[in-house]
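Structure record follows, encoded as structure tokens.
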Amino acid sequence: MSLIVKQINPTCRHTASLIFLHGSGDTGQNLWEWVRFLLGRDMTFEEVKVIYPTAPLQPYTPNDGQLSNVWFDRHSIDINAKENRQSLLDIYGAVQTILKQETSVGIPLNRIIVGGFSMGGALAMHVGYHLHNNLAGIFACSSFLNHDSIVYDSLKKRVNTETDLPELRMFHGGRDSLVPLQWGQDSFDKLKSLGVKGTFIPLKNTLHELKKQEMLDIEEWILHKLPNLSK
């Protein structure tokens, strides 16, 4: 499965990459435009390529089975719902392809961050804590993992517990009615109990949305996790 990708190249040389995954029903192009609107400019870096993939068009159960650009299908938008592991398995390959494209040009996994908004943030956590434990970092905005997530199973079975997992940075709107703040907090707490280190940041007066200060914080964090190698 190949994905349509919008990307912003680094202004200097390419030594690291960021994969930013959109929420359900959106596109990489729209997420790029949203970020650009919030910041008043592109999110650009001297040495980090920013990649905005678009999820495949597929039936989405919470939307009455209508076709939508979603990373995976869900039985319902509920932290207690059973995770659709087959649908997740189908998208893992597409994400792996993007990662392989980056490593094939010399970018090691520990110089790659994966993050996302809403469903995109959930997939980012799957990538960092189920598929690849050696990424530079994971961020998730307004996201959650189902109580029975395979991510938790994977972390429980982890053999090399002495090696640090990717740092997690989570943001969540205090007034989010689609994905309640408590779902995000519960997911973070469970990941933390299984060895994930990071920060959970509640956002006051924020709905299910991205905010400018949130994006500025993420930019600063990315620069900390992926410092320039030329200096």
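When only the Cβ of Lys, Arg, Asp and Glu is charged (+1, +1, -1, -1), the dipole of the range 4-225 relative to its Cα centre reaches about 280 debye. Solvent exposure of residue 46, expressed as accessible area, is near 80 Å², computed with a probe of 1.4 Å over the protein chains only. Under a Gaussian network description of the chain, with springs only between Cα atoms under 10 Å, the residue in 62, 180, 202 that fluctuates furthest is 62. Annotation: per residue accessible area for the chain equals 45 Å², rounded to a whole number [probe 1.4 Å, protein chains only]. A straight Cα-to-Cα reach below 27 Å connects residue 212 with the lysines 6, 49, 192, 197, 204, 225, residues fewer than 8 places away in its own chain not being considered.
Put a dot 7 Å past the Cα of residue 154, heading toward its Cβ, do the same for residue 46, and the two dots end up 3.3 nm apart.
Averaging over all projection directions, the Cα-based convex hull of the range 4-225 occupies 11.3 nm² in the image plane.
Here, the range 19-71 has an Rg and a Dmax of 13.2, 43 Å when only alpha carbons are counted. Here the Gaussian network model covers the chain, with springs between Cα atoms less than 10 Å apart; of 185, 29, 86, 86 fluctuates the most. Taking only the C-alpha atoms of the range 59-186, the Rg (one decimal) and the largest Cα-Cα distance, Dmax (whole number), read 14.8, 45 Å.
May I ask you to give the average projected area over all directions of the convex hull of the Cα atoms of the range 161-231, in nm² rounded to one decimal? Walk me through the intermediate numbers first.
Numbers: hull surface 23.8 nm².
Projected over every direction and averaged, the Cα hull of the range 161-231 covers 6.0 nm².
Leaving out ligands, DNA and RNA, what percent of the accessible area of the chain is carbon and sulfur, probe 1.4 Å? Within the chain, the accessible surface is 50 percent carbon and sulfur.
Would you give the gap between the C-alpha center of the range 178-192 and the C-alpha center of the range 76-142, rounded to a whole Å? If we compute the Cα centre of each part, the gap is 17 Å.
Take every DSSP beta bridge with both residues inside the range 4-225 and express the antiparallel ones as a percent of the total, to the nearest 5. Walk me through the intermediate numbers first.
Numbers: 8 of 33 bridges.
Of the beta bridges lying entirely in the range 4-225, close to 25 percent run antiparallel.
The values are calculated or read from the model by the stated rules, or taken from the named source; none is laboratory data. As the structure is a computational prediction, the values presented were derived from the model and not from experiment. When we count neighbours, we look across all protein chains shown, and the Cβ atoms used for this are built from the backbone with ideal geometry, even at glycine. When the accessible area is computed, the model is the full protein with side chains, heavy atoms only, and any ligands, DNA or RNA have been set aside. Shrake-Rupley method; radii C 1.70, N 1.55, O 1.52, S 1.80 Å.
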